[in-house]
Amino acid sequence: MAYTLNVNGKAVSADVDGDTPLLWALRDTLGFVGTKYGCGVAACGACTVHVDGQPMRSCQIPVESVGKAKISTIEGMAAHPVGKKVQAAWTELDVAQCGYCQAGQIMSATALLAKTPKPTDAQIDEAMNGNICRCATYVRIRAAIKRASGQKEV
Amino acid sequence: MTFHDQTSAVRGANRREILTSVGAGGFTLAFSMASRAEAQDDVAKPLNAYVTVAPNGQVTILAKSPDVGQGVKTMLPMLIAEELDVAWEDVRIEMAPNDPKTYGRQFAGGSMATPMHWEDLRRVGAVARAMLIQAAATAWNCGPGDCTTVPGEVIHKPSGKKRTYGSLAMACANVTPPDPKTVALKDAKDYRIVGKPVVQYDTARIVTGQPLFGIDQRRPGMLYATYVKAPVFGAKVASADLEAAKAVKGVKAAFIVAGADDAFAPAGGHIGQGLMPGVAVVADNWWAAKKGRDKLNVKWAEHPTGAQSSKGYAEQAAALNAGKPLRNARNDGDVDAALKGAAKTVEAAYAYPFLSHANLEPQNCTAEFKDGKLEVWAPTQFPEPGRQLCAKTLGMKPEDITVNMVRGGGGFGRRLANDYMVEAAWIAREAKAPVKLVWTREDDMQHDHYRPAGFHFFKGGLDAQGNLTALQDHFVTFASGTGPTAPSAGMSAAEFPARFVPNLRYDVSTIPLGVPTGPLRAPGSNALAFAFQSFIDEMAHAAGADPLAFQIKLLGDKDVVGEAPAAYAAGRMRGVLKAVGEMSGWANRGKLPKGEGMGVACYYSHQGYFAEVAHVAVSAEGAVKAKKVWVAADVGRQIINPHGALNQVQGSVLDGISEALHQQITIANGAAEQSNFTDYPLMRISEACPVEVKFLKTEFNPTGLGEPALPPAIPALTNAIFAATGKRVRSLPITPDMLKA
């Protein structure tokens, strides 16, 4: 059946089975391919989106359970007051190597900074530990979060 | 480069989509479309296979080889742009077509992009610049010697007149390009782009989530596919409930693929497999295909590999070591006599496991047939062998197949193979529709071409002065297919410390293997460095020596030992060892608190000389925390993109530590036991330590950085663990049980 979802502030319709994970509805049906498939079991964080502002693994959210919740994806971050700062820091430090995980990293970092504007290293570890970077760009991820939050980078 | 500048990158990327949507009808079309899109009626011909200057001044440079995160889509065009003399902000980058006749070998591997292209791509840029100068000289009726350039403009030196490159672009059609060997190259002190930190060209798309990767490709009318293969490598399909899969809503097709008879080791020297047997399910979205797959209830035929296991391999290795080695690879001096006469001897057995590449983007490929021709979009590291494999397997002519290189979400050697490409091509033909094949994470981890496991049985001898006078290694490795060893399971007879120890013997024995293997980042070296550099550290401690001083002494006093291609620049290695000692405060390591220690290791691979010191803390429960790693690197006189270079080295070091602390693939009943990041964990941010890097500038030509920082990171870590605990790590991965107080 067709599910009406609120994605990045717009109502969109996805005609999929209700058990379809939000990840695949976003990617295959709605064309938001910035959200990535990495593991399918909430172990890597590549599919992280915001559900009413909370970072969630979209591979674990059946479309039928979304209801009226507001979904934000990486494609919506340029219009997000914190998200755009995080994107700018990610660019200035050129965090990415392959870049595949970075949408999920940016979504987790944005959610962290929206709640905790000046996170400590321990808070960064806690908020970001669910996001694997196979290229291990962690040194720069940490520095970019510090930069986006106006803190000293090292 | 600022964030603002990246908007130009976004525009360039949009144009690439335009090109993709009309189909890659070849090089000429791509260029004419590009210039039409940018410059309306004017059509500028390319200056050469890499460079087009449009009449509006826009410069398009083609990136020759695929980018899987090593940064070559940015770095290779930087070399051209430098000598072309243009502002980096005016450069648009497009991927080159897969066309080895024009471009030579196009691949991402072996840290080869820099050494292969440092000279020739700068000459490509210099030739294009010379053509623009000639066009201006003709217009001004002067000699080219009267002209010079500033970025984007030719200047008439006597008068100060200027012409923009764009205004000369059309006239270049009448200019004969000079011989690349004759064009002058810039002095390094005049570089405006090379040596400056440049943000990756694709970063703008990465941080905004725009379509970019293999898995993001989309074709009109495209269907989505999943492909299930046997847990036991190469087993055929006995039966599958295709009707149950087809009954799932959205499923369009389900069929058995018999697979190629030589799928496991295809003829023609390809890395990795051909078309493996399996069952395909095709649907109008990937989740529906996956649901169909889950109904298949596939039964697999018996296969001899089903009798193999990691436990069995270890038993065979021990048995082989007890007997006579299969063959001798090197025998210098008289090892037996030297060991007998040694003041002190040490024996140790080392082992390391199979590893998966675990690219975060699972293997995938999009394939489309049109009028009997095949076009694929693949995150491959090596497109041409993929094209040949598809041609052979599908019975097509290679010229009827186009392979588009798209960004890969991690390479690490996995995508040098093209098994996913041939699967997508086969499924698209059967399904009679464009198809995007996406492997599940479990498919990816259980159908890798693994870093081979291995076993080393060492004996070493010291003389009364603490010199390493004898070393013996019985290397028990694997054999598969027709080679003497399985892919990436061999060892050079020149492996260090050969040529530095007077009495040295390398013997080799092999275990038959039914598990696919292949190159993982720094292949061979990623395992050998652990075994050899750990054992050398053992010998240093046995000699009562400072391990770093012992390594320097072992390297002797010659600058270069041996002949090319196996020459070893001992002087360069001594240089990085001394540097890393100074950087890390090695001399003060005795002041570290209990439970902490520093270890050193060095390794030469991929033409780079690396020495690393790790500082670790080990808890009473045996938990290891890497606190910091220092890296001294000698990759020659020029770092092309410092931004990317530092990222590669830091990532390589943390990748190595992740392998050592966490990763192993074990085989049971002929299949991989691990299947996802839950049982094959990768390092996370909380474990990542600072990595301080120093590039020594030496007189040598620049070489690559995708790999050589990784190998010494592992023994630096394990040697530090020994310093901290007195416990020697002789098998990987490291477990707390090994290190409990």
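The values are calculated or read from the model by the stated rules, or taken from the named source; none is laboratory data. As the structure is a computational prediction, the values presented were derived from the model and not from experiment. A quick note on method: Cβ atoms are made from the backbone with ideal geometry, for glycine too, and the neighbour counts reach across all protein chains shown.
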### Task
Sort out which residues of region A:97-154 are within 11 Å of chain B (Cβ to nearest Cβ), within 19 Å of A:His80 (Cβ to Cβ) and of a type in the set (Gly, Ala, Ser), and write them in order of number.
A:Ala103, A:Gly104, A:Ser108, A:Ala109, A:Ala127, A:Ala144
### Query
Does A:Gly38 meet the test of being buried (at least 24 other Cβ atoms within 10 Å of the Cβ), in a loop (DSSP other than H, G, I, E, B) and either more than 8 Å from every other protein chain (Cβ to nearest Cβ) or at pLDDT 95 or above (or both)?
yes
### In region B:527-568, the residues that are closer than 22 Å to B:Gly656 by Cβ and among the small types (Gly, Ala, Ser)
B:Ala527, B:Ala529, B:Ala531, B:Ser534, B:Ala540
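Residues checked against (1) part of a helix (DSSP H, G or I); (2) at pLDDT 95 or above; (3) on the phi > 0 side of the Ramachandran plot:
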{"position": "B:Ala263", "(1), (2), (3)": "no, no, no"}
{"position": "B:His270", "(1), (2), (3)": "no, no, no"}
{"position": "B:Leu275", "(1), (2), (3)": "no, no, no"}
{"position": "B:Ala280", "(1), (2), (3)": "no, yes, no"}
{"position": "B:Ala314", "(1), (2), (3)": "yes, yes, no"}
{"position": "B:Ala318", "(1), (2), (3)": "yes, yes, no"}
{"position": "B:Arg330", "(1), (2), (3)": "no, yes, no"}
{"position": "B:Ala337", "(1), (2), (3)": "yes, yes, no"}
### Query
Does B:Leu76 meet the test of being at pLDDT 95 or above and buried (at least 21 other Cβ atoms within 10 Å of the Cβ)?
yes
### Task
Determine whether B:Met131 is within 31 Å of the chain's Cα centre (by Cα) and modelled with pLDDT of 95 or more.
no
### Task
Inspect region B:518-529 for any residue being of a type in the set (Lys, Arg) and crowded, with 24+ Cβ neighbours inside 10 Å and give the result as yes or no.
yes
### Task
Inspect region B:339-352 for any residue being among the acidic types (Asp, Glu) and either outside the structural domain of B:His456 (by TED's automatic domain parsing) or crowded, with 16+ Cβ neighbours inside 10 Å (or both) and give the result as yes or no.
no
### Check on B:Val298, farther than 26 Å from A:Ala25 by Cα, touching a Ser or Thr at 6+ places or on another chain (Cβ under 6 Å) and surrounded by fewer than 24 Cβ atoms within 10 Å (Cβ to Cβ)
no
### Task
Might you let me know whether region B:708-715 holds any residue that is outside the structural domain of B:Val194 (by TED's automatic domain parsing) and surrounded by fewer than 23 Cβ atoms within 10 Å (Cβ to Cβ)?
no
### Task
Answer yes or no: is there a residue in region A:62-71 that is more than 7 Å from chain B (Cβ to nearest Cβ), polar (S, T, N, Q), closer than 30 Å to A:Gln151 by Cβ and surrounded by fewer than 24 Cβ atoms within 10 Å (Cβ to Cβ).
no
#### Entry: Condition met for A:Ala25 (more than 7 Å from every other protein chain (Cβ to nearest Cβ) and part of a loop (DSSP other than H, G, I, E, B))
no
### Message
For the structure I just gave you, tell me whether B:Arg589 is assigned by TED's automatic domain parsing to the domain that holds B:Asp679 and in contact with a Ser or Thr (Cβ under 7 Å, 6 or more places away or on another chain).
### Response
no
### Within region A:43-59, considering residues that are free of Cβ contacts under 8 Å to residues at least 24 places away in the same chain and over 9 Å from the mean Cα position of the chain (by Cα), the one farthest from A:Ser108 (Cα to Cα)
A:Asp52
